Number of protein chains: 2
Amino acid sequence: MMKPDRRGEILKAALDLFTEQGFHGAPMALIAMQAGVGAGTIYRYFESRDVLIRELYKDLEERIYPYILAGYAETAPFRSRFLHLGTKLLRYFIEYPLCFRYMEQFHNSPYGIAFRRDKMLGKEGHCDVFRELFEQGAAQQVLKDFPLVILFCLAFGPLLAVARDHVLGFVQLDDSMIDRTIEACWDAVKR
Amino acid sequence: MMKPDRRGEILKAALDLFTEQGFHGAPMALIAMQAGVGAGTIYRYFESRDVLIRELYKDLEERIYPYILAGYAETAPFRSRFLHLGTKLLRYFIEYPLCFRYMEQFHNSPYGIAFRRDKMLGKEGHCDVFRELFEQGAAQQVLKDFPLVILFCLAFGPLLAVARDHVLGFVQLDDSMIDRTIEACWDAVKR
DNA sequence: ATTAACGGAATGAACGTTCATTCTTTTACT
DNA sequence: AGTAAAAGAATGAACGTTCATTCCGTTAAT
C-alpha cells in the first residue's frame, strides 16, 4: 500500500483548476478539495499561493526537456536539429494541453514576466539547448542576421500560436500539418 | 471651460493600472482615484468591472484600424499589402505599448478567450481586412497551403512575440529591424 | 505482546483583509 | 426649488492564511 503523494496531488489539482478557471477562479480551498486534502495541508508543502504557482511552473518545465531531447542528435545538420526540437516541442504541447495552457497563462502574468526577466538577465539556466543551437546557427550564418531574442521570437512565435489554436479547438493538427508548420517556422528564421 | 470627459478619464486610468499592475492588482477604488472620480461614479458609466474591462478592449481595438489602413492600397500587389499591414501593426504596438500590453493581457485571460471564440464562430466583424487579404492570398496560391487560422498564426505569431519583447525591453527595434522582421513573417507564410 | 507516550502530519473552522458593488449624502446645474 | 450627477462611506461576500486540535504511525516501556 503506497503512501499517498500529497505534494503531487496538490500540484495536479492546482494544474487542473488554474488551467480551467484561471488564477482568479481557483481559490486555495477548491484546490485543497480537489486534491483531497485539508486547506491547511497545502501550506505544509508550499509556503504560499504564489510559491505554489511558481513551483508548479518549474515542475512542468522540467518535464519537457527529457521529452524533446529524446533522439536528439547533437551532430546532425543544423536544419534537422531545428526541425527535431520544434516538432517535438509542438507535439509535446499537443499531447499535454493542460501543461501548455498553464505555461501560457503563467508567462502572460506578472509571475511569468518577472520570471522571464530574471532568466534573461541572470544565468541562462535551462534554455541551453535552444540557445546553443541558435548561437551555432547564427555563427554558421544559416540564420538571418538578427539578435538572438528576435530569432527566438521568429521561431517560437508561430509555434506557440499554432499550439494555442489547436488547444483551444480552433484547428485540428495532424502529423503532416505539424511537420509543415515547423518547416514554416524554419522559413521564418533561415537566411 | 470644457466639461470633463469622465468616461474617458476612467478608461485611461483603467488602461494605466491594468497594464502596470495586471487585472489582479488594480481594484476599482484605485482606478477611481487615478481617474479623479469617486468609486461609485465608475458604475454610472460601466455596469460592472467586467464590462469596463471589455469596453476598454473594444475601445483600444477600434483605434488600430484607422492607423494601419492609412495609405493602404487595395490594388497593390499581395506581398506589399502584407508588408504594409504588418509593418503598420508592429509600429502601432511599439508606439502605443500600453495598448499592446493591455490587449495581450486581455487575450490571455478568460475574457479574451471567450471573446475570441465568439469571433471565430460568430460573424467575422472586424478582422475583415486581414481575413480578406489572406483569403485572396490563399486563392492566388501565393500563400502556403494551410487553413486560414494557421496562416494567421504564422504571420502574427512572430509579430506579436517581437512586439512583446520590445515592449518588455528585451530588444530595441529600429526602423530597419521592424521591416526585416515583417519580411521574416512573410517568409513564414509565403509559398 | 500489549500498552503508553510521543511527534509530526493533517485538518478545517476562524480570522482579518481586500474588494466589487450599493446606498445615502452632498454638490452642481437648470 | 427641483433634478440629475458625483462622491465616498458602508456593506457583505470571497479569499488567503493561521492555528488550536485531532489523528496516526512509531517507539519505548512493561
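The values are calculated or read from the model by the stated rules, or taken from the named source; none is laboratory data. Note that the structure is a prediction, hence the values are computed from the model and not measured. Reconstructed Cβ throughout: ideal geometry from the backbone, glycine too, with neighbour counts over all protein chains shown. Please note that ligands, DNA and RNA were not included when accessible areas were found on the heavy atoms of the full protein model with its side chains. Shrake-Rupley method; radii C 1.70, N 1.55, O 1.52, S 1.80 Å.
Points worth noting:
- Scanning region B:13-37 for residues that are more than 8 Å from DNA strand C (Cβ to nearest atom), away from every other protein chain (no Cβ under 14 Å) and touching a helix residue (DSSP H, G or I) at 6+ places or on another chain (Cβ under 7 Å) yields B:13, B:14, B:15, B:16, B:34, B:35, B:36, B:37.
- Residue within region A:65-87 that is over 26 Å from residue A:184 (Cα atoms), hydrophobic (A, V, I, L, M, F, W, C) and surrounded by fewer than 16 Cβ atoms within 10 Å (Cβ to Cβ) present: no
- When region A:71-86 is limited to residues that are without any contact (Cβ under 8 Å) to a residue 24 or more places away in the chain and part of a helix (DSSP H, G or I), the one that is farthest from the chain's Cα centre (by Cα) turns out to be A:80.
- Output for region A:108-147, where each listed residue is in a helix (DSSP H, G or I), loosely packed, with under 11 Cβ neighbours inside 10 Å and at pLDDT below 90: A:121, A:128
- Residue tally, condition under 23 Å from the mean Cα position of the chain (by Cα) and either open to solvent by less than 60 Å² (accessible area, probe 1.4 Å) or not assigned by TED's automatic domain parsing to the domain that holds residue A:8 (or both), over region A:24-47: 4
Quick grid of which residues meet (1) more than 7 Å from chain A (Cβ to nearest Cβ); (2) more than 13 Å from the chain's Cα centre (by Cα); (3) within 16 Å of residue A:161 (Cβ to Cβ):
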position	(1), (2), (3)
B:88	yes, no, no
B:91	yes, no, no
B:97	yes, no, no
B:101	yes, no, no
B:110	no, yes, no
B:121	yes, yes, no
B:155	yes, yes, yes
B:160	no, no, yes
B:164	yes, no, yes
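- Residues satisfying the stated conditions in region B:166-191, i.e. in contact with a Pro (Cβ under 7 Å, 6 or more places away or on another chain), at the interface with chain A (Cβ under 8 Å from one of its Cβ atoms) and open to solvent by 10 Å² or more (accessible area, probe 1.4 Å): B:171
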